[in-house]
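The structure appears below as C-alpha cells.
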Amino acid sequence: MSIILETTGLTMRFGGLAAVTDFSASIPKGSITGLIGPNGAGKTTCFNMITGFYRPTQGQVFFQGQELTGKSPHCVCRAGIARTFQNIRLFGHETALENVLIGAFVRQKTGWIQSVLMTPASRREENQLRDQAMELLDVVGLANIAQEKAKSLPYGAQRRLEIARALATQPSFLLLDEPAAGMNPQESLELMDFIRTIRTRFDLTILLIEHDMKVVMGVCEHMWVLDYGLTIAEGCPEAIQSNPKVIEAYLGEEYVRHA
Ligand SMILES: Nc1ncnc2c1ncn2[C@@H]1O[C@H](COP(=O)(O)OP(=O)(O)O)[C@@H](O)[C@H]1O
Ligand SMILES: [Mg+2]
C-alpha cells in the first residue's frame with residue numbers, strides 16, 4: 001500500500017512546553033486512521049502542523065512525496081489537504097450554501113478580475129461551483145437548509161456543514177478534528193457510516209481525532225495514540241484496545257471491562 005502522508009520527527013514546542021515530540025507517522029493512501037489520546041495530548045497540534053497552521057519546531061511533513069513543512073494553510077489546502085476544526089469555524093452569518101462555496105473558491109480557476117467583470121467564463125464557473133456546492137450539501141444531508149444561516153443550524157448539522165466545506169476544496173486527504181463532539185449516539189452512528197461513504201465516494205484518505213471510542217474503533221483501520229505529546233502506541237484497533245499503556249493513559253480499566 002502506498003503512503004500518502006508521512007511525518008518525520010514532528011515536534012512543536014511552545015516556550016517550555018513540548019506539545020508534540022517526535023511524531024513520526026506514515027498514513028497509507030485510502031485508509032481511515034485515528035489519532036487518539038487524553039485532552040492536551042497534542043492531537044490538534046499535530047493537525048495544525050500538518051495543515052500549515054503551526055510551523056513545527058522540528059521535523060517534516062511530506063504529502064504525496066512533496067514536502068509541505070512550513071507551507072501556509074492555503075498552500076496546503078491547494079495541495080489537496082482539507083480539515084475541520086475542533087471548535088467549529090463557520091461563517092455564522094452566511095448561509096450553508098455560501099459556506100460551502102467559500103471552500104470551493106479555493107479551487108476556482110478564473111481570476112478575481114474576471115469574477116468582478118462577470119465574464120462568461122467566470123459566470124459559467126460560478127454556476128458550476130454552485131451546482132457542486134448544492135451536490136455536497138446533498139451528500140451531507142443539508143440540501144434542504146441550503147439557504148439558512150450557518151449559526152442557526154443545530155450543532156450536528158454545523159459539523160456536517162464544515163465537512164461539506166472541506167470537501168468543496170476537492171481534497172485527497174481529509175483531517176477531522178472531533179467530528180462527533182456534541183453529537184447524540186444516533187448521530188455518532190450515522191457519522192461512522194458517513195465517514196466510510198465519503199472515503200469511497202471522493203477517494204479520500206482520512207485522519208480522525210475522536211474521543212467517541214465507538215466511532216474510532218468502529219471506523220479506523222489503524223490508530224496512533226498520543227500522551228503528553230509522545231506517541232505511546234500505534235496499531236490496529238484490537239491491539240490498541242488491549243495495549244496496557246493505552247489503557248493506563250487513556251482508555252481506563254472501566255472501558256476495558258465494558259468493551
Ligand atoms: N498556540 C498554543 N500556544 C501555547 N500552547 C498551546 C498552543 N496550542 C496548543 N498548546 C498546548 O499544547 C498542548 C496540546 O494541545 P492540543 O494539541 O490542543 O491537545 P489535544 O488536541 O490533544 O487536546 C496543550 O497543553 C495545549 O495547551
Ligand atoms: Mg484537540
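Among G156, A104, L137, flag the residue with its Cα farthest along the positive direction of the charge dipole of segment 61-196, charges on Cβ as +1 for Lys/Arg and -1 for Asp/Glu.
A104
Per the Kirkwood formula on distinct C-alpha pairs, the Rh of the chain is how many angstrom?
Value: 19.1 Å, from the Cα pair sum.
Each residue of segment 40-47 in order: what ³J(HN,Hα) in whole Hz does its phi give by Karplus 6.51 cos²θ - 1.76 cosθ + 1.60, θ = phi - 60°, with x for Gly and Pro?
Per residue, the Karplus-derived 3J(HN,Hα) values read x, 6, x, 5, 5, 4, 4, 4 Hz.
Pick from R83, R130, R165 the residue whose mean-square fluctuation is largest in a GNM of the chain, springs joining Cα atoms under 10 Å.
Maximum among the listed residues: R130.
Quick check on the chain: helices-only [θ] at 222 nm, where DSSP H runs of length 4 and up contribute -39,500 (n - 2.57) each and the sum goes over total residues. Nearest 500, please.
Taken over the chain, the calculation gives -11500 deg cm²/dmol.
Under a 5 Å amide H to amide H cut-off, with H placed in plane at 1.01 Å, what residues pair with L35 once short-range neighbours are removed?
Those lying under 5 Å, H to H, from L35 are L208, I209, E210, W224.
Which of the lysines could be linked to K245 by a straight reach, that is with a Cα gap under 19 Å, when you skip same-chain ones fewer than 8 residues away?
Correct list for K245: K43.
Treating the beta-carbon of each Lys and Arg as +1 and of each Asp and Glu as -1, no other charges, what is the dipole magnitude of the chain about its Cα centre, to the nearest 20 debye?
Around 820 debye, computed over the chain.
Rounded to the nearest 10 degrees, what's the angle between the helix 120-139 long axis and the longest principal axis of the chain, both from Cα atoms, 0 to 90?
On a 0 to 90 degree scale, this one is about 40.
Give me a comma-separated list of calculated 3J(HN,Hα) values for segment 56-63, in order, Karplus coefficients 6.51, -1.76, 1.60 applied at θ = phi - 60°, integers in Hz, x for any Gly or Pro.
x, 5, 8, x, 9, 10, 10, 10
Rounded, prolate or oblate: which fits segment 146-220 when a ≥ b ≥ c are the square roots of the eigenvalues of the alpha-carbon gyration tensor, with rounded for a/c under 1.5 and prolate only if a/b beats b/c?
Note, shape of segment 146-220 comes out oblate.
What figure in square angstrom, to the nearest 10, would you give for the accessible area of M12 with a 1.4 Å probe?
Probe radius 1.4 Å; accessible area of M12 about 20 Å².
Once the other residues with Cβ under 13 Å from the Cβ of E98 are scored (Lys, Arg +1; Asp, Glu -1), what is the net sum?
So the surrounding residues net to +1.
Which value, in Å² and to the nearest 10, is the accessible area of C220 when all protein chains are kept and the probe is 1.4 Å?
That residue has around 10 Å² of solvent-accessible surface.
Which aspartates and glutamates, if any, have their Cα less than 15 Å from the Cα of K151, not counting same-chain residues under 8 positions apart?
Partners within reach: E94, E98, E162.
Which cross-chain or sequence-distant (5 or more) residues have an amide H under 5 Å from the amide H of K29, H modelled 1.01 Å from N in plane?
Amide H neighbours of K29: S2, I3, I4.
Which of the listed residues, Q64, T44, Q86, is farthest toward the dipole's positive end in the chain, when Lys, Arg count +1 and Asp, Glu count -1 at the beta-carbon?
Checking the options against the dipole of the chain, the answer is Q64.
The values are calculated or read from the model by the stated rules, or taken from the named source; none is laboratory data. What you see is a predicted model, and the numbers here were worked out from it, not measured in a lab. Every residue, glycine among them, receives a Cβ derived from its backbone with ideal geometry; neighbour counts consider all protein chains shown. Areas reflect the complete protein model, heavy atoms only, side chains present, ligands, DNA and RNA absent. Shrake-Rupley method; radii C 1.70, N 1.55, O 1.52, S 1.80 Å.
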